[in-house]
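Engineer: Input: one structure, supplied below.
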Amino acid sequence: MGLVYSPESSQEYLLVSKPHPLRLQRSVAMVDVSKWPLFTLLSTQELASIRQACIFGAFANEAIYITHDDEVYVLGLNCSNCLGTGDSQSTIVPKKLDSLTGKKLISLSYGSGPHVLLATQEGELYAWGHNGYSQLGNGTTNQGVSPILVTTNLQNKRVTEVACGSHHSLALTHEGEVFAWGYNNCGQVGSGSTANQPTPRKVSNSLQNKVMVSIACGQTSSMAVADNGEVYGWGYNGNGQLGLGNNGNQLTPCRLIALQGLCVLQIASGYAHSLALTDEGLLYAWGANTYGQLGTGNKSNQLSPVQVMTEKERIVEIAACHSTHTSVAKTQSGQVFMWGQCRGQPIVLPHLTHFSSTDDVFACFAMPSVMWRLLSMEHDDFLTVAQSLKKEFDNPETSDLKFSVDGKYIHVHKAVLKIRCEHFRSMFQSHWNEDMKEVIEIDQFSYPVYRSFLEFLYTDSVDLPPEDAIGLLDLATSYCENRLKKLCQHIIKRGITVENAFSLLSAAIRYDAEDLEEFCFKFCVNHLTEVTQTAAFWQIDGNMLKEFICRASHCGAFKN
């Protein structure tokens with residue numbers, strides 16, 4: 001089974017407007033909200049209105065959700081005013097936050113203090129809740145009873161991601177800058193001292209002139225990933241959660257030298273442990289291991305990153321949350337593994353679950369059962385137009401046309417093809433309709449590729465391994481299907497390996513896919529020694545080899 005991309009799932013590693021192969025947005029998953037007990041307080045109509053949601057709190061007893069109309073509601077205990085309703089009253093009836101109505105949320109995080117940070121699509125940053133250490137960034141220590149717009153040092157900055165520790169805060173801007181504020185007893189603000197930081201302050205030192213693409217917080221530690229795959233950590237390190245090979249606190253960002261030579265795409269921080277996912281789908285873990293949350297088979301802390309799940313297939317997503325000791329990973333075929341503290345039980349080796357989403361693990365096994373990210377919801381009580389179309393693809397009972405590819409039939413509907421694709425609109429002209437064939441033979445594309453193309457017209461999604469996605473990229477280019485071309489490029493990026501990197505680069509050049517070409521080229525340069533030893537490298541023609549060597553040399557690939 002290949003990687004599945006749809007209008008929702010393709011956001012999983014979607015390039016933001018300032019392009020860079022490793023500048024990633026946090027993914028938005030599709031899960032069933034009813035798995036979280038707090039949402040059983042809502043009516044069927046209220047549940048159906050939810051588009052995004054997050055469960056948080058010391059006992060998973062507070063919630064915020066956003067409707068399809070971009071209205072924001074909260075309910076629950078309201079500890080430290082973290083519901084933002086303007087009062088300290090708990091509520092089992094959803095209350096609307098009028099100040100956030102119409103705001104499109106792109107990132108949300110909560111601290112166990114508790115406090116809440118929220119970033120909007122416009123790049124605005126809001127904060128509310130506990131503020132004893134100025135973790136709201138407004139220069140005071142007064143509790144935030146309702147959402148406060150955080151602006152100090154962030155004027156003309158566009159915040160794209162937020163992260164909370166227990167009492168400190170991080171924000172990532174569109175330009176790749178990291179800002180930090182709040183409690184700083186262990187250096188988690190990265191300022192070089194242990195003085196609390198009352199307002200957002202740019203984290204510099206080792207991060208100066210670096211473009212950061214992702215951030216994460218443990219309880220009292222901070223992590224960030226640069227666009228070249230380097231990882232930096234600062235703050236509390238008593239359990240080795242910074243991965244520096246020691247357990248000394250760090251007052252400024254320090255690069256994880258143990259991950260040198262690896263290109264990290266995603267990091268995740270638990271209470272006192274950390275996970276990293278590389279561009280080759282490899283998983284590394286370090287830090288506290290009291291509950292087996294590193295997945296090493298024992299409970300010994302690790303001061304430096306160790307590779308785990310080495311026998312498993314490529315990993316495409318990792319998950320952890322600073323208020324839990326649970327770790328989760330999802331493989332390329334969709335298998336979800338969990339380990340660490342699971343309903344109070346220590347699981348010291350990755351355990352295969354029956355779940356299809358990393359989020360389900362947190363709903364059912366984490367303590368507390370919080371959400372580790374802002375989620376999108378799905379409802380299956382009725383079929384939408386899109387779901388109905390998906391159901392009818394390759395259905396011989398309702399189809400009025402068949403394609404024959406490699407001796408196999410694919411059943412489709414002429415009307416759908418005409419509506420969805422200019423290629424078929426031209427093909428099904430009225431004069432041709434009069435003598436319409438019942439079967440159309442296709443010989444220039446393989447069955448998996450052509451079936452996937454037709455299925456895309458019904459579902460807007462693609463389910464193919466990267467090697468077949470190259471063929472689909474060829475078809476998308478021939479049929480001028482630009483959206484399909486982009487989806488193919490996403491699949492290829494997610495499936496790139498040392499073995500197939502040069503083949504994918506060659507195909508990207510052949511099909512004039514500039515963004516994919518840049519991504520594959522950078523991967524080849526990052527793993528130059530291994531790539532040049534593959535069969536694919538030595539099978540290319542001389543001109544392309546010369547161009548690659550010349551281009552790589554300009555990037556400093558051959559410097560001593």
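The values are calculated or read from the model by the stated rules, or taken from the named source; none is laboratory data. The structure displayed is predicted, hence computed values, not measured ones. Every residue, glycine among them, receives a Cβ derived from its backbone with ideal geometry; neighbour counts consider all protein chains shown. Side chains are part of the model used for accessible areas, which takes the heavy atoms of the whole protein and leaves out ligands, DNA and RNA. Shrake-Rupley method; radii C 1.70, N 1.55, O 1.52, S 1.80 Å.
Engineer: Evaluate E = 1/(1 + (r/R0)^6) for THR140 and GLU441, where r is the Cβ-Cβ distance and R0 equals 56 Å; express this FRET efficiency to the nearest 0.05.
Structural biologist: 0.15
Engineer: Moving on to the next point. Using the Cα centre as the reference, give the magnitude of the dipole from point charges on the C-beta atoms of segment 33-376 (Lys, Arg: +1; Asp, Glu: -1; all else neutral), rounded to the nearest 20 debye.
Structural biologist: In debye, rounded to 20, segment 33-376 gives about 460.
Engineer: Any idea how far apart VAL93 and THR152 come out in nm if each label point goes 7 Å out from Cα toward Cβ?
Structural biologist: About 3.8 nm separates the two model spin labels.
Engineer: How many angstrom separate the Cα center of segment 434-474 from the Cα center of segment 284-324?
Structural biologist: Distance between centres, Cα-based: 40 Å.
Engineer: Do any GluC sites (Glu not before Pro) in segment 311-407 lie in a DSSP loop with no more than 15 other beta carbon atoms within 10 Å, and if so, which?
Structural biologist: Answer by residue number: GLU311, GLU313, GLU378, GLU397.
Engineer: Pick out, from VAL145, THR194, PRO346, the residue whose Cα sits farthest towards the positive end of the charge dipole of segment 33-376, with +1 on the Cβ of Lys and Arg and -1 on the Cβ of Asp and Glu.
Structural biologist: After comparing all options, I get THR194.
Engineer: Same structure, new question: Per residue, what accessible area does the chain have, given a 1.4 Å probe and all protein chains present, in Å²?
Structural biologist: So the chain comes to 41 Å² accessible per residue, rounded to a whole number.
Engineer: Moving on to the next point. Take ARG425 and THR40, extend 7 Å from each Cα along the Cα→Cβ direction, and tell me the distance between the two endpoints in nm.
Structural biologist: Result: 5.1 nm between the two label points.
Engineer: How much of the accessible area of the chain, in percent, comes from carbon and sulfur atoms when a 1.4 Å probe is used?
Structural biologist: 49 percent
Engineer: For an R0 of 45 angstrom, estimate the FRET efficiency from the Cβ-Cβ distance between SER553 and ASN247 and round to the nearest 0.05.
Structural biologist: E between SER553 and ASN247, to the nearest 0.05, is 0.60.
Engineer: Let me ask another. Please give the peptides 534-541, 361-368 ranked by average Cβ packing (other Cβ atoms within 10 Å per residue), highest first, as a rough proxy for protection.
Structural biologist: Top of the packing list down: 361-368, 534-541.
Engineer: Which FRET efficiency, nearest 0.05, do ASP32 and GLN208 yield, Cβ-Cβ r, R0 45 Å?
Structural biologist: 0.50
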